[in-house]
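The values are calculated or read from the model by the stated rules, or taken from the named source; none is laboratory data. Model, not experiment: these values are computed from the prediction. Because the Cβ atoms are built from the backbone with ideal geometry, glycine has one as well, and the counts that use them run over all protein chains shown.
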Amino acid sequence: MEITQASTDERMVKNPHLTRQLSIIDTERLEKQKIYIVGCGAIGSFVALELAKMGITQIEVWDNDTVSIENMSNQFFRFSDIDKNKAKALHDLVFDFTGVKIKYHETKFEQGTACHVVFNNEDAIMISAVDSMAIRALIYNDIKSNELEQHVKYIIDPRMSAEAYLQFVADMTVAKSMDNYAKTLYSDENAVAERCTAKSTIYTATLAAGMVVKTVKNLVMREAFAKTIQWDIKASRQDTMQMFTHA
């Protein structure tokens, strides 16, 4: 869809709070986009906020963990949220900051649970914001084995440590992309990077969230996107590998 002055003017009336981005992002496409986020921690909490701020309203999140004092330095939560379920607390925060009511599940993403049957929106984007390789593999295998790839079109997989970030994007409609992503799903025992809960900084979390949301914008707007991003935040060096374009 070409963004014309007429369409921009119309959307300014409908979404005045998004006025400053209307020449960059098509709000109508954002309104139709379904986003799933598994994990409401350092990356997932800020991603949910930023997506809602950008204009996406169809957001669904999962997390069975509770907010702790250790989360205050690097996650989008208040001290008053301590001991609350992260998914519920995130729902409340996103609504307060944006007016968007996200759907939330106070449950762990596990095989055989009801959350596996809700992936029913065409071209949905799954954000695997978890700190476990096992859960990443479960998400991927569930989408693949249950033939849900016609609904979950993309997986965005952000991985962070204290001052480093790695991001993969899998196109679930392309066999080669799926196979390449599957090769990154090594075991937790072989993982080099620290778990998000072990060593984390607020700037790495927010930079990572911004990259995820920018990638969502690329996918929604059908722009070129990177299959892999490797970002040495400490050294201020970023490597982008293999740009993909939409047909």
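Tabulated data
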item	result
Test: residue in the stretch 25-46 that is modelled with pLDDT under 85, over 16 Å from the mean Cα position of the chain (by Cα) and buried (at least 20 other Cβ atoms within 10 Å of the Cβ)	yes
Filter result (assigned to a strand (DSSP E or B) and closer than 17 Å to ALA124 by Cα) within the stretch 48-73	GLN58, ILE59, GLU60, VAL61, TRP62
Selection status of GLY55, within 18 Å of GLU31 (Cα to Cα), out of contact with any strand residue (DSSP E or B) (no Cβ under 9 Å at 6 or more places or on another chain) and crowded, with 21+ Cβ neighbours inside 10 Å	yes
Residues of the stretch 133-171 satisfying the condition of being at pLDDT 90 or above, in a helix (DSSP H, G or I) and crowded, with 17+ Cβ neighbours inside 10 Å	MET133, ILE135, ARG136, ALA137, LEU138, ILE139, TYR140
Qualifying positions in the stretch 220-247 - of a type in the set (Lys, Arg) and either modelled with pLDDT under 85 or part of a loop (DSSP other than H, G, I, E, B) (or both)	ARG222, LYS234
Test: residue in the stretch 80-94 that is surrounded by fewer than 16 Cβ atoms within 10 Å (Cβ to Cβ) and assigned to a loop (DSSP other than H, G, I, E, B)	yes
Qualifying residue in the stretch 85-94 (condition: on the phi > 0 side of the Ramachandran plot and modelled with pLDDT of 80 or more)	no
